[in-house]
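Enquirer: For reference, the structure I am asking about is given below.
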Amino acid sequence: MTGSRFALALTAALLVMPILNSPLPAEDYPARPVRVIVPFGAGGPADVTARQIGSILQESFGQPFVVENRTGAGGVIGTLEAAKSPPDGYTLLMMSNTQTANESLVPQRKYELMRDLAPIAPVNYSDLVIVVHPAVPAKTLQEFIALAKAQPGKLNYASSGQGTPYHMAGELFKAMAGIDVLHVPYRNSGEARSGVIGGQVQMMIDAVPAMAPNIAENQVRALATTGKTRSTVLPNVPTVTEAGIPGYEATIWLGLMAPAGTPKPIIDKLNAAVNAAIKRPDIVKLWTAQGAVPMSMTPEEFDKFLRGDIVKWAEVVKKFDKPQ
């Protein structure tokens, strides 16, 4: 072998050796702290759940999972930041049906959910509860509907922003009840909750785990829950269907995504860890007491779920005269 050929062969061998000897991306993952972007305010269901799951993942992997709240524009700002982050597994997004609704509600956003982010796993879902300030002269859902019909455009309801599950549930309620109430978007669910507790707005649809303590303290009055069956946390509160609007159903679900292009072995490793976390007896017990139900899927199943949810909310948005 001539000197030049030997040099070429040696170079090729040296280039191949690192590839053969390097571990798969998931084998050493994570080797440093992982940040979990929550595009919603502190204290809400997504924030609380992200911290619970992050704590368990930290135990599992031996690296911090640091929650960062990046609020604004109904979840668009934080979601965009996650979508534009390096696809290395060190930036994750805690998301909800806000993101699937925004696909049709916010056409000007600078990302596409299923193009720019990769599904990891769902986490849990919770029913919602319709509440009013105690000063509102309505003891039942039907009384509130009658009040709204008698004063079209005079009553209002709070949400944590455009496209959030609370906003979408409110618009669906308006459409199915045939009422005109004004949407008042707040920057986050904590501020929206304070708005209805303080009487600045008359009504809100909120997650059962978040609002149940305020109901117990008589700071708000519960009119109905939004699931197919009564909430185990609020067993004396009728469902919306029971209260007179057959077929109404709305929930908030949460899940994890990563920037598109994140290596599949890392996605699979995170999926397995999340599915193990949500089956832990202490987590199941905690969530059951709060009215949250674990959701377990493969990345592929979650992908299909997300695409179906995008279609679902697009159909709902078509019913709105003017999404706010």
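The values are calculated or read from the model by the stated rules, or taken from the named source; none is laboratory data. Every value quoted in this text rests on a predicted model; they were computed, and no experiment measured them. Cβ: placed from backbone, ideal geometry, glycine included. Neighbour counts: every protein chain shown. Keep in mind that these areas ignore ligands, DNA and RNA; they rest on the heavy atoms of the full protein, side chains included. Shrake-Rupley method; radii C 1.70, N 1.55, O 1.52, S 1.80 Å.
Enquirer: What number of residues in segment 26-62 are farther than 22 Å from R193 by Cβ and open to solvent by 40 Å² or more (accessible area, probe 1.4 Å)?
Expert: 12
Enquirer: Being among the polar types (S, T, N, Q) and either open to solvent by 20 Å² or more (accessible area, probe 1.4 Å) or within 20 Å of the chain's Cα centre (by Cα) (or both) is the filter here, so list the residues in segment 225-245 that pass it.
Expert: Going through segment 225-245, the residues among the polar types (S, T, N, Q) turn out to be 225-226, 229, 231-232, 236, 239, 241.
Passing the criteria: T225, T226, T229, S231, T232, N236, T241.
Enquirer: What about L254, is it surrounded by 21 or more Cβ atoms within 10 Å (Cβ to Cβ) and over 26 Å from M95 (Cα atoms)? Full working, then the answer.
Expert: Numbers: surrounded by 21 or more Cβ atoms within 10 Å (Cβ to Cβ): yes; over 26 Å from M95 (Cα atoms): no.
For L254, the condition - surrounded by 21 or more Cβ atoms within 10 Å (Cβ to Cβ) and over 26 Å from M95 (Cα atoms) - is not met.
Enquirer: Give me a count of the residues in segment 98-110 that are within 16 Å of I37 (Cα to Cα) and modelled with pLDDT of 95 or more. Spell out how you get there, then give the answer.
Expert: First pass over segment 98-110, keeping only residues within 16 Å of I37 (Cα to Cα): 98-99.
Still in the list and also modelled with pLDDT of 95 or more: 99.
Result for segment 98-110: 1.
Enquirer: Just name the residue that is nearest to G78 (Cα to Cα) out of those in segment 152-176 that are open to solvent by 10 Å² or more (accessible area, probe 1.4 Å) and of a type in the set (A, V, I, L, M).
Expert: Here the answer is L172.
Enquirer: Conditions first: (1) assigned to a helix (DSSP H, G or I); (2) open to solvent by 30 Å² or more (accessible area, probe 1.4 Å); (3) modelled with pLDDT of 95 or more. E191 passes all but one, so which condition is the exception?
Expert: The one condition E191 does not meet is (3).
Enquirer: Any chance you could count how many residues in segment 77-98 are open to solvent by 10 Å² or more (accessible area, probe 1.4 Å) and part of a helix (DSSP H, G or I)?
Expert: Number of matching residues: 4.
Enquirer: Just checking, which of V131, V181 is over 23 Å from G43 (Cα atoms), touching a strand residue (DSSP E or B) at 6+ places or on another chain (Cβ under 9 Å) and open to solvent by less than 10 Å² (accessible area, probe 1.4 Å)?
Expert: Values: V131 fails: over 23 Å from G43 (Cα atoms).
That would be V181, the only listed residue that is over 23 Å from G43 (Cα atoms), touching a strand residue (DSSP E or B) at 6+ places or on another chain (Cβ under 9 Å) and open to solvent by less than 10 Å² (accessible area, probe 1.4 Å).
Enquirer: Continuing with this model, one more query. I'm checking my understanding of the structure. Among residues of segment 258-310 that are in contact with a helix residue (DSSP H, G or I) (Cβ under 6 Å, 6 or more places away or on another chain) and of a type in the set (G, A, S), which one is most open to solvent (accessible area, probe 1.4 Å)?
Expert: S296
Enquirer: Yes or no: segment 141-154 includes at least one residue that is touching a residue at least 40 places away in the same chain (Cβ under 8 Å) and either on the phi > 0 side of the Ramachandran plot or among the hydroxyl-bearing types (S, T, Y) (or both). Step through it out loud before you land on a result.
Expert: Within segment 141-154, the first condition is being touching a residue at least 40 places away in the same chain (Cβ under 8 Å), and the residues that meet it are 141-142, 144-145.
From what is left, the residues that are either on the phi > 0 side of the Ramachandran plot or among the hydroxyl-bearing types (S, T, Y) (or both) are none.
No, segment 141-154 contains no residue that is touching a residue at least 40 places away in the same chain (Cβ under 8 Å) and either on the phi > 0 side of the Ramachandran plot or among the hydroxyl-bearing types (S, T, Y) (or both).
Enquirer: When you check Y248 against the structure, is it touching a helix residue (DSSP H, G or I) at 6+ places or on another chain (Cβ under 7 Å), open to solvent by 40 Å² or more (accessible area, probe 1.4 Å), modelled with pLDDT under 95 and not small (G, A, S), yes or no? Break it down stepwise before answering.
Expert: Numbers: touching a helix residue (DSSP H, G or I) at 6+ places or on another chain (Cβ under 7 Å): yes; open to solvent by 40 Å² or more (accessible area, probe 1.4 Å): no; modelled with pLDDT under 95: yes; not small (G, A, S): yes.
Answer is no for this residue.
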